[in-house]
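S.K.: Right, I'll just put the structure down here and ask away after.
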Amino acid sequence: DCTIVMPQVPPMLERVMICRQFGANVHLTCPARGFKAMLSHVDTLMVANPDKYFFAQQMGNQSNPDAHYETTGPEIWEQTGGDIDIFIHGIGTGGCIGGAGKFFKEKKPEVKIIAVEPSTARVHVGEAMNPHTIVGLAPGMPSEFLEGPFDNEDARGVVDEWAHCSQEEAVVWAKKVCLKEGMMVGPSAGAALKVAVDVAARPESKGKTIVVVIASHGIRYTAHPLWKEVKAEATASLPVPPNLSKDAQDLLWASDA
């Protein structure tokens, strides 16, 4: 028996469908309270049925950053031959940037680690948490795997720079990389890419090797604003019921007409 807890927001559509198709139960929580509402609900479930549930606790389980220290970091190090100068990653749980960042700092202290947050939810530098549509980033509280205090933009722990991206820019860059590079990515990847391109454009980045993590595939977000225009176009192009007349002309619709 598996129960998946997630916020009740439209971009969760594919996740709800996939979880239910696999037979899992889905519990949807108050989005206005973010991850705190999810954790509160999980605590309620655990207290009521302590012998029924095991909670992976990805926001606080040390196995999260440890896995990236032991696998993600070494894999990137091997693939780049140790030639990595800048590592860029969005903050979700903070496990990947915390674990992989630690590995890189131990191997090559001068590697620059850049963390990415939504522009309206920069909780790691002391700003307020506000609603945003960059799914996967900024669950509403600072990461337990990154070093505080979270009240300024100073370098600390493994993080050298606290970057940010607006939700609109995240969508623009997710679309851009799909069209230009054939990489269908989600909004958090769009945010990380936007920051990576900005960093690459700095004079001091010339000749540097920049690694940016692309967290998820864009097909998981068809209910997200990322897909708004093409979804509306596709819906309009496919009438219900369809035209089943044998007398209809061969071509009934074309996107380039």
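Any read-out appearing in this document is the output of simple, stated calculations on the displayed coordinates, not a laboratory observation. These numbers were taken from a predicted model, which means no experiment stands behind them. Here Cβ is always computed from backbone atoms with ideal geometry, including for glycine, and neighbour counts include all displayed protein chains.
S.K.: For the chain, set up a Gaussian network in which alpha carbons nearer than 10 Å are linked by springs, and say which option among PRO142, PRO242, PRO50 fluctuates the most.
M.R.: Greatest mean-square fluctuation among the candidates belongs to PRO242.
S.K.: VAL212's amide H: which non-local residues (gap 5+, or another chain) put their own amide H closer than 5 Å, with H modeled 1.01 Å from N in plane and none for Pro or chain starts?
M.R.: Under 5 Å from the amide H of VAL212 lie the amide H atoms of ILE88, each far enough along the sequence or on another chain.
S.K.: Taking 8 Å as the Cα distance limit and 6 or more residues as the minimum spacing, I'd like the relative contact order of the chain as a percentage.
M.R.: That works out to 17 percent.
S.K.: I've got another one for you. Quick check: residue separation of VAL47 and VAL9 times 0.36 nm, minus the Cα distance between them. What number comes out in nm?
M.R.: 11.1 nm
S.K.: Any idea how many Lys pairs in the stretch 146-257 come in under 22 angstrom at the alpha carbon, given 8 or more places apart or on separate chains?
M.R.: Total qualifying Lys-Lys pairs in the stretch 146-257 comes to 12.
S.K.: Could you calculate the contour length gain from MET183 to ARG33, that is, 0.36 nm times the residue separation minus the distance between their Cα atoms, to one decimal place in nm?
M.R.: Extending this stretch completely gives an extra 50.7 nm.
S.K.: Quick one: which residues, 5+ away or cross-chain, put their amide H under 5 Å from the amide H of HIS164? H built at 1.01 Å from N.
M.R.: Excluding prolines and chain starts, which carry no amide H, the hits are GLU117.
S.K.: Also: Quick check on the stretch 65-151: take the gyration tensor over C-alpha atoms, sort the square-rooted eigenvalues as a ≥ b ≥ c, and tell me if it's rounded (a/c under 1.5), prolate or oblate.
M.R.: prolate
S.K.: For the stretch 141-229, what class follows from the C-alpha gyration tensor (a ≥ b ≥ c being the square roots of its eigenvalues): rounded when a/c is under 1.5, otherwise prolate if a/b is larger than b/c, else oblate?
M.R.: Taking the square roots of the gyration eigenvalues as a ≥ b ≥ c, the stretch 141-229 is oblate.
S.K.: Let me check the size of the stretch 1-140 from its C-alpha atoms; what are the radius of gyration and Dmax in Å?
M.R.: So, for the stretch 1-140, Rg and Dmax equal 17.4, 51 Å respectively.
S.K.: What FRET efficiency do you get for ASP250 and SER205 if R0 is 41 Å and r is their Cβ-Cβ distance, rounded to the nearest 0.05?
M.R.: The formula returns an efficiency of 0.20 here.
S.K.: Return the single residue from ASP51, ASP83, ASP154 with maximal mean-square fluctuation; model: Gaussian network over the chain, springs between Cα atoms under 10 Å.
M.R.: Evaluated over the chain, the most mobile residue of the options is ASP51.
S.K.: Nearest-5 percent of antiparallel DSSP beta bridges in the chain?
M.R.: Close to 10 percent.
S.K.: Follow-up. Please give the residues of the stretch 150-189, grouped as numeric ranges, whose backbone N is less than 16 Å from a label point set 7 Å along the Cα-to-Cβ vector of ASP198.
M.R.: Flagged as within label range: 153-154, 160-174, 188-189.
S.K.: Using only the C-alpha atoms of the chain, find the volume of their convex hull and express it per residue in Å³.
M.R.: Taking only Cα atoms, the chain has a hull volume of 174 Å³ per residue.
S.K.: Another one. Using only Cα atoms, find the angle between the long axis of helix 95-107 and the longest principal axis of the chain, and express it within 0 to 90 degrees, rounded to the nearest 10.
M.R.: 40 degrees
S.K.: Something else: Under 5 Å between amide H atoms, partner at least 5 residues away or on a different chain: which partners does VAL5 have, H built in plane at 1.01 Å?
M.R.: Long-range HN contacts for VAL5: HIS27.
S.K.: How would you rank 199-210, 64-75, highest first, on the average number of other Cβ atoms within 10 Å across their residues?
M.R.: Highest mean packing first, the order is 64-75, 199-210.
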